[in-house]
Amino acid sequence: MYVFEYQRAKSVADAAAALAKTGGKALAGGQSLVGAMKLRLANPGTLVDIAGIAGLKGIKQEGAAVVIGAMSTHADVASSAVVKKAIPALAALAEGIGDRQVRNRGTIGGSLANNDPAADYPAAVLALGATVQTNKRKIAADEFFKGMYETALGADEIITAVSFPVPKKAAYVKFPNPASRFALVGVFVAQTQSGVRVAVTGAAAHVHRATAIENALAKSFTADAAKAVKIPADHLNTDLHGSAEYRAHLVSVLASRAVTAAG
């Protein structure tokens, strides 16, 4: 691990100012960032701890949306009565992240800011058409994820909450890496007020929408319709865990299972 300075922010404004001044990184649950630092894959110089900032935690329903504070842990989301009632697929997704230790430390805001290509939350955010709220603005899901570990966040921009519209029905199914429980491929299917949205994580450089499956499900919201879609492999990952062709096959299979799970 490289040498770094540590600062504890008292407010969102305090944290944003420290990030702007130092060019450092915000520290939430630390489940991704600290691991990368230990491996010397990250050298932020300064860590600005936002864990103690009031108002960044909490889950509530506001009209037709569920709003989750950025510092809410995966365990908070998984156990929330509000989430279980309004968007049970999101609670189930959170319950499947990592292990118990990770779920009790990792946060939804930290996961989204990190934007790991195989993380689970990005699929939910994109499929549900959520809005990422920061200290400066509101960012639509379709505009938030830019590339591998890249988002629309500015250097001094901090996620404060995520607003999830309540879908008509939704489900998330993933094929997990047995060691890390990250998604080798994960597919989140949602019937929203504006139509069907399908998001895929783990298969490519970053989360993306599977428009071919969306179009098929818009015509017939059935498992067979999803499974019949042939996904091209040219934009997907090949690594020691599976080829691009294997991942392409999994996308359609998992989408069909998600449709079945959504009912």
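Relative to the Cα centre, what is the charge dipole magnitude of the chain, using +1 at the beta carbon of each Lys and Arg, -1 at the beta carbon of each Asp and Glu, and rounding to the nearest 20 debye?
In total the dipole reaches around 480 debye.
Picking from Ile97, Val166, Gly242, whose Cα lies most toward the positive end of the charge dipole for the chain (charges on Cβ: Lys, Arg +1; Asp, Glu -1)?
Val166
So what does the Cα-only Debye profile of region 200-257 read at q = 0.15, 0.30 Å⁻¹, as log10 I(q)/I(0), no solvent term?
Listed by q, the Debye log ratios stand at -0.39, -1.25.
About its Cα centre, what dipole magnitude does region 5-49 give when the only charges are +1 on Lys and Arg Cβ and -1 on Asp and Glu Cβ, stated in debye to the nearest 20?
Working: 6 positive and 3 negative charges, 19 e Å.
That gives region 5-49 a dipole magnitude of about 100 debye.
Given (1) 7, 34, 39, 18, 2, 0; (2) 7, 31, 36, 19, 6, 0; (3) 6, 26, 32, 23, 10, 3, 0 as candidate values of P(r) over Cα pairs in 10 Å bins from 0, in percent, which corresponds to the one derived from the coordinates?
Only one listed value fits the structure, namely (2).
When you take every Cα atom in region 62-105, what is the radius of gyration, and what is Dmax, the widest Cα pair distance, in Å?
Expressed in Å, the Cα Rg and Dmax of region 62-105 come to 10.2, 33.
Just name one of Ile59, Ser111, Leu128: the one whose Cα is farthest towards the positive end of the charge dipole of the chain (beta-carbon charges, Lys/Arg +1, Asp/Glu -1).
With unit charges placed on the Cβ atoms, the residue in question is Ile59.
Compute and list, largest first, the equivalent-ellipsoid semi-axes of region 65-136 from the alpha carbon gyration tensor, each √(5λ) rounded to a whole angstrom.
16, 15, 12
Sum -39500 (n - 2.57) across every DSSP H segment of at least 4 residues in the chain, then divide by the residue count to get the 222 nm mean residue ellipticity, nearest 500.
Helix contribution divided over all residues of the chain: -9500 deg cm²/dmol.
List, largest first, the extents of the alpha carbons of region 1-67 along their principal axes, each in whole Å.
45, 24, 16
Which of Asp234, Asp49, Asp224 has the fewest other C-beta atoms within 10 Å, and how do the rest follow up to the most? Could the numbers behind the result be given before it?
Working: Asp234 7, Asp49 16, Asp224 11.
Least crowded to most crowded, the residues run Asp234, Asp224, Asp49.
P(r) for region 159-263: what percent of alpha-carbon pairs falls in each 5 Å bin, starting at zero?
Once binned at 5 Å, the Cα pair distances of region 159-263 give 2, 14, 24, 24, 18, 11, 6, 1.
Give the range of the longest stretch in the chain that excludes all trypsin sites (Lys or Arg not before Pro) found in loop regions by DSSP and having at most 12 other beta-carbon atoms within 10 Å. Don't skip to the answer; put the middle values down first.
Details: sites that count: Lys10, Arg40, Arg137, Lys168, Lys230.
Of all site-free stretches, the longest is 41-136.
Too long at a 29 Å Cα-Cα cut-off: which of Lys84/Lys138; Lys60/Lys219; Lys174/Lys230; Lys146/Lys169; Lys85/Lys230; Lys138/Lys227?
Lys60/Lys219; Lys85/Lys230; Lys138/Lys227
So if I place +1 on the C-beta of Lys and Arg and -1 on the C-beta of Asp and Glu, and nothing else carries charge, what would the dipole magnitude of region 141-263 be about its Cα centre? I want it in debye, nearest 20.
Charge dipole of region 141-263: 600 debye, to the nearest 20.
Kindly put Val66, Val200, Val102 in sequence by how many other C-beta atoms sit within 10 Å of each C-beta, fewest to most.
Lowest count first: Val102, Val66, Val200.
Cross-link partners among aspartates and glutamates for Lys21, C-alpha distance below 20 Å, same-chain residues fewer than 8 apart left out?
List returned: Glu5, Asp49, Asp156, Glu157.
Neighbour counts of other C-beta atoms within 10 Å: give me Ser80, Ser243, Ser111, Ser194 arranged from fewest to most.
Ser194, Ser243, Ser80, Ser111
Values in this text are rule-based calculations from the coordinates and carry no lab data. Just so it is clear, the model here is predicted, and its values are computed rather than measured. Counting neighbours? That spans all protein chains shown, and the Cβs are built from the backbone with ideal geometry, glycine included.
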